[in-house]
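The values are calculated or read from the model by the stated rules, or taken from the named source; none is laboratory data. Here the structure is a predicted model, which is why all the values come from computation and not from measurement. Positions of Cβ are generated from backbone atoms using ideal geometry, with glycine treated the same way; all protein chains shown enter the neighbour counts.
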Amino acid sequence: MPEANVANYDAFIAAVKEMYPGCTSDRCFMVVDLQTVSRNQMGVQMTSIKAKGKCFHAFMKVVQLLEVKGRIGKAEMNRMFLEGFLANIQ
């Protein structure tokens, strides 16, 4: 990659982004990504505020874009959030 030099970092980043179409678009997350985050949350034991915060941050990162773009409703978003917790604490 000829753009890969220390003198022009911005050109390097632009070249990398060209190899990954869609990485800057508003379609970088889909509902399936939110389902994946929710399932991954289920496997994490919530033993501290920090662990809860990491899970919440990962969920919100995806859900905010989906909600703004009208690709998920409040009820579905809330259901997926609760599914991220073990059944005995839902």
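All of (1) among the aromatic types (Phe, Trp, Tyr); (2) over 19 Å from the mean Cα position of the chain (by Cα); (3) modelled with pLDDT of 90 or more hold for Phe12 with one exception: (3). Taken over the range 67-82, the residue count meeting the criterion of being farther than 17 Å from Phe56 by Cβ and modelled with pLDDT of 90 or more is 3. If the condition is being farther than 13 Å from Phe85 by Cβ and of a type outside the set (A, V, I, L, M, F, W, C), then the range 41-67 contributes Thr47, Ser48, Lys50, Gly53, Lys54, His57, Lys61, Gln64, Glu67. A Cβ distance below 9 Å, combined with a sequence gap of six or more or placement on separate chains, defines the contacts here; from the range 38-53, residues that are touching a residue at least 24 places away in the same chain (Cβ under 8 Å) reach residues that are among the acidic types (Asp, Glu) in the pairs Ser38/Glu83; Arg39/Glu83; Gln41/Glu83; Met42/Glu83.
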